[in-house]
Each structure stands twice: as C-alpha cells, then as structure tokens.
Amino acid sequence: DTGVSQNPRHKITKRGQNVTFRCDPISEHNRLYWYRQTLGQGPEFLTYFQNEAQLEKSRLLSDRFSAERPKGSFSTLEIQRTEQGDSAMYLCASTSLGTGAYRDEKLFFGSGTQLSVL
Amino acid sequence: SQQGEEDPQALSIQEGENATMNCSYKTSINNLQWYRQNSGRGLVHLILIRSNEREKHSGRLRVTLDTSKKSSSLLITASRAADTASYFCATSLWGAQKLVFGQGTRLTINP
C-alpha cells in the first residue's frame, strides 16, 4: 500500500492553457474524490466517483472542469482555458465504501497538485 | 459552501500545554471527522465520531460531540512541536456521499 499518489506536485501554466492532473488511489478503494483548496481555507468538494461512475459534481464547478476515472482505477482532472482564479491546491482522496448504517469511511488524501495560473 | 465553522482560526501555545479547537455545524450529521494538514501537504485522518457517540479518545486526542448544540471539540493533550499544523473538522451528512470541511484552525506549538 503506497498511499494515494498525485502527479504532478506542482504545475505552473499560463492563463488560457489546458492542464491535466492525475490521481492514483489506494488500489482496493472503490471511491475517489477531488477537492480544491485555496490558501487559508478548507478543502472544497469538486466531484466523486464510485468505481468508474461519476456520481456527483459540485454545482460550483465550471464546465471547464472535467474528470474521468476509466476502469475505476486512476483518475484525471482536466481544466480547460485556465483562469487565474483556478490557482489552488487540487487534492485527491480515496476510500472504500462501507455497508453499515453508519458510514465510517475515512478519506486517504494524496499530497495534492499545486496549480499556479499566471 | 462549508458546513463547519472552526474556532479559533489560529491558536499558539507552548509545548506541553493542551490545545482545544472547536467546530460548529448546521445540519444533521452521520459522523464528524477531524483531519490534520501539515503545510503544503495532504490531509491526514485523525479521528471519527459517530452521531450517536459523545466522546472518543485516540492517544493524546480527545473528541467530544454535542448534537444538540451541533458542535464538536478536539483536545490535544501535552502538545509537541510536531503537532504544529492546520486542523479541520469534516462532517458526513445523512444522505450525502461527501465530507464537507470547515475552514480549519492553524495550531502553532512553540518550543
């Protein structure tokens, strides 16, 4: 178990460019989340997958953002036509869905991808 | 939007002292979790408390939950310099499938 892996760790891009981030979750985890975090704030939910199915997407998420999780393994998050307001840490987390009435799933986070849009 | 509000936003104490952080939330929860984040890194899960529990312990951590007041507190006893980090509460809502995080408390332990 090598934990959740995110690449790249840092990305600097110019406004208007497209960027793609990758997340490799813990292998047996069936649920994968993307969060965004700006300086001094808590993580903000973007979207999540149950296996390969994208089950929820934040209403705050622009249509410039798209995520995939082919075959229910790794996931990618793409931002098209980046804007300076997209600068943030993008965090991926994974977990296994429990079956009890009390969902005791805890999230395992990667180290994040820090995006800077110039 | 964030469900949890944490208090204080920043806390600075001497090594060996106890640190208490509070979290308030707005709607009914399934469970409440606390996470730690070192600067520039991902979050690490610390402890989870269910909505039908009132107190839990894990090592030097003690968490309480008061569902009538919609609040929780995290106590770190005998603090160490390595405890310096940001601490976030996160709520799991009934019927929802995601954790909602608060804005966090920045804890600094002075040697």
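The values are calculated or read from the model by the stated rules, or taken from the named source; none is laboratory data. Model, not experiment: these values are computed from the prediction. We place every Cβ from the backbone using ideal geometry, glycine too, and count neighbours over all the protein chains shown. When the accessible area is computed, the model is the full protein with side chains, heavy atoms only, and any ligands, DNA or RNA have been set aside. Shrake-Rupley method; radii C 1.70, N 1.55, O 1.52, S 1.80 Å.
Observations
This table checks each residue for (1) under 20 Å from B:LEU99 (Cβ atoms); (2) aliphatic (A, V, I, L, M); (3) at pLDDT below 90.
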position: A:ARG9; (1), (2), (3): no, no, no
position: A:ILE12; (1), (2), (3): no, yes, no
position: A:GLN17; (1), (2), (3): no, no, no
position: A:CYS23; (1), (2), (3): yes, no, no
position: A:GLN41; (1), (2), (3): yes, no, no
position: A:PHE45; (1), (2), (3): yes, no, no
position: A:ASN51; (1), (2), (3): yes, no, no
position: A:ARG64; (1), (2), (3): no, no, no
position: A:LEU77; (1), (2), (3): yes, yes, no
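- Odd one out for A:ASP104, checked against (1) within 14 Å of chain B (Cβ to nearest Cβ); (2) in contact (Cβ under 8 Å) with a residue 12 or more places away in the chain; (3) exposed (fewer than 15 other Cβ atoms within 10 Å of the Cβ): (2)
- A:LEU115 of a type in the set (A, V, I, L, M, F, W, C), surrounded by fewer than 20 Cβ atoms within 10 Å (Cβ to Cβ) and either modelled with pLDDT under 95 or outside any loop (DSSP other than H, G, I, E, B) (or both): no
- Test result for A:SER62, out of contact with any Asp or Glu (no Cβ under 8 Å at 6 or more places or on another chain), surrounded by 15 or more Cβ atoms within 10 Å (Cβ to Cβ), more than 13 Å from chain B (Cβ to nearest Cβ) and polar (S, T, N, Q): no
A quick yes/no check of all residues on (1) within 13 Å of chain A (Cβ to nearest Cβ); (2) more than 12 Å from the chain's Cα centre (by Cα); (3) in a strand (DSSP E or B):
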{"residue": "B:CYS23", "(1), (2), (3)": "yes, no, yes"}
{"residue": "B:GLN33", "(1), (2), (3)": "yes, no, yes"}
{"residue": "B:ARG36", "(1), (2), (3)": "yes, no, yes"}
{"residue": "B:GLY40", "(1), (2), (3)": "yes, yes, no"}
{"residue": "B:VAL44", "(1), (2), (3)": "yes, no, yes"}
{"residue": "B:HIS57", "(1), (2), (3)": "no, yes, yes"}
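- Scanning segment A:31-55 for residues that are part of a loop (DSSP other than H, G, I, E, B) and open to solvent by 10 Å² or more (accessible area, probe 1.4 Å) returns A:THR38, A:LEU39, A:GLY40, A:GLN41, A:ASN51, A:GLU52.
So that you can scan it fast, the table gives a plain yes or no per residue for (1) over 12 Å from B:ALA19 (Cβ atoms); (2) at the interface with another protein chain (Cβ under 9 Å from one of its Cβ atoms); (3) surrounded by fewer than 18 Cβ atoms within 10 Å (Cβ to Cβ); (4) under 13 Å from the mean Cα position of the chain (by Cα):
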{"position": "B:SER51", "(1), (2), (3), (4)": "yes, yes, yes, no"}
{"position": "B:VAL63", "(1), (2), (3), (4)": "yes, no, no, yes"}
{"position": "B:SER68", "(1), (2), (3), (4)": "yes, no, yes, no"}
{"position": "B:SER72", "(1), (2), (3), (4)": "yes, no, no, yes"}
{"position": "B:ALA78", "(1), (2), (3), (4)": "no, no, yes, no"}
{"position": "B:SER86", "(1), (2), (3), (4)": "yes, yes, no, yes"}
{"position": "B:GLY95", "(1), (2), (3), (4)": "yes, no, yes, no"}
{"position": "B:LYS98", "(1), (2), (3), (4)": "yes, yes, no, no"}
{"position": "B:GLY104", "(1), (2), (3), (4)": "yes, yes, no, yes"}
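- Among the conditions (1) surrounded by 14 or more Cβ atoms within 10 Å (Cβ to Cβ); (2) more than 30 Å from A:CYS23 (Cα to Cα); (3) of a type in the set (A, V, I, L, M), the only one that B:ILE29 does not satisfy is (2).
- Residue match in segment A:82-89 (condition: away from chain B (no Cβ under 11 Å), small (Gly, Ala, Ser) and not in a loop (DSSP other than H, G, I, E, B)): yes
- Test: residue in segment A:8-15 that is open to solvent by less than 10 Å² (accessible area, probe 1.4 Å) and closer than 27 Å to A:GLY85 by Cβ: no
- Selection from segment A:65-81 of residues that are open to solvent by less than 10 Å² (accessible area, probe 1.4 Å) and assigned to a strand (DSSP E or B): A:PHE65, A:SER75, A:LEU77, A:ILE79
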